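To start, the structure under review is shown below, and the notes come after it.
The values are calculated or read from the model by the stated rules, or taken from the named source; none is laboratory data. None of these values were measured; they are calculated from a predicted model. Don't worry about glycine lacking a Cβ; one is built from the backbone with ideal geometry, like all the others, and counts go over all protein chains shown. Only protein heavy atoms, including side chains, enter the accessible area calculation; ligands, DNA and RNA are left aside. Shrake-Rupley method; radii C 1.70, N 1.55, O 1.52, S 1.80 Å.
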Amino acid sequence: MYKFLFKRIIDIIVGLCALPIVMIFVLIFAPIIYIEDKGSIFYLAKRIGKGGKTFNMFKFRSMKMNAPDIRLANGDTYNGDDDPRVTKIGRFMRKTSIDEIPQFLNVLNGTMSFIGPRPDTPDFLHVYESEYPSILNIKPGLTGYNQAYFRNSIDGAEKMRNDNYYAEHLSFWLDVKSVFKTIKTVLFRENINH
């Protein structure tokens, strides 16, 4: 019952409550992003959603326009402190997770949940389908078990295992614990880079 009804009700309430905050952050950060590196304010990232469907995930743009995609040997996206593609304001937004705030719009439109597995790129859909199909049964989250406890400190394979664990053990209390741990992780800037 929680998984199919109450979770969506909570998402709508959280999304509506967050909407004024999102608008304030847009008013503050949109001009700064544009002044530093002319271009779009938002970055629409293609991600895997529930049922394996692709959707656009909203983020504040933290990289220079048309920055190349750099991957680690294991396929994870590179996100080090010395990444030359990241703008000055982008570096600040990433460390404080401000770049993620527009994802509340995804929570409102139903493509994401407030709490759920990390939204992965379509490149990994075949891995989910063959090895971790439980993840595809629920919506990805703005935050979640992985983001709360590990952020970027573990590799992609371990993140998938953790997300699969979350999908198979989804409960109200696991979500509550993930929210409080997320707050601690963001406030103390834990596990920012891999």
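GNM, the chain, Cα, under 10 Å: largest mean-square fluctuation among Ile28, Ile89, Ile138? Among Ile28, Ile89, Ile138, the largest mean-square fluctuation in the Gaussian network model of the chain belongs to Ile28. Among the chymotrypsin sites (Phe, Trp or Tyr not before Pro) within region 152-188, those in coil by DSSP and having at most 12 neighbouring Cβ atoms inside 10 Å are Phe188. Semi-axes of the equivalent ellipsoid of region 1-114 are 27, 19, 11 Å, computed as sqrt(5λ) over the eigenvalues of the C-alpha gyration tensor in descending order. Counting only heavy atoms of the protein chains and using a 1.4 Å probe, Thr121 has close to 20 Å² of accessible surface. With a simple spin-label model that places each label point 7 Å from the Cα along the Cα-to-Cβ direction, the separation between Asp81 and Ile183 comes to 2.8 nm.
Protein-only accessible surface at a 1.4 angstrom probe places the residues Phe42, Phe92, Phe104 in the order Phe92, Phe42, Phe104, largest first.
At R0 = 41 Å, how high is the FRET efficiency between Ile35 and Arg8 if r is their beta carbon distance? Nearest 0.05 is fine. It comes out at approximately 0.60. Could you tell me which trypsin sites (Lys or Arg not before Pro) in region 98-194 are loop residues by DSSP with no more than 12 other beta carbons within 10 angstrom of their beta carbon? Sites meeting the loop and neighbour criteria: Arg189. Surface composition of the chain: carbon and sulfur make up 65 percent of the accessible area, probe 1.4 Å. Taking all Cα pairs closer than 8 Å and separated by 6 or more residues, the relative contact order of the chain comes to 23 percent.
Here the gap between Glu168 and Asn109, fully extended at 0.36 nm per residue and compared with their Cα-Cα distance, gives a gain of 18.8 nm. Cross-linked pairs Lys7/Lys95; Lys95/Lys177; Lys38/Lys184; Lys95/Lys159; Lys7/Lys177; Lys3/Lys177: Cα-Cα separations exceed 26 Å for Lys7/Lys95; Lys38/Lys184. Taking every protein chain into account, the 1.4 Å probe leaves Val14 with about 40 Å² of accessible area, to the nearest ten. Computed extension length for Ile70-Phe92: 5.9 nm, one decimal, from 0.36 nm per residue of separation with the Cα-Cα distance subtracted. Shape index of region 85-136: Rg/Rh, with Rg the Cα radius of gyration and Rh the Kirkwood radius from the inverse mean 1/r over Cα pairs, equals 1.08.
Ligands, DNA and RNA excluded, the heavy atoms of Tyr149 present near 80 Å² of accessible surface to a 1.4 Å solvent probe. In summary, the helical segments of the chain meeting the span-like criteria, namely a full DSSP H run, a Cα extent along the axis of 30 angstrom or more and a mean Kyte-Doolittle hydropathy of at least -1.0, are 7-36. For the chain, dividing the convex hull volume of the Cα atoms by the residue count gives 111 Å³ per residue. Label positions at His126 and Lys53, each projected 7 Å from the Cα along the C-beta direction, are separated by 2.4 nm.
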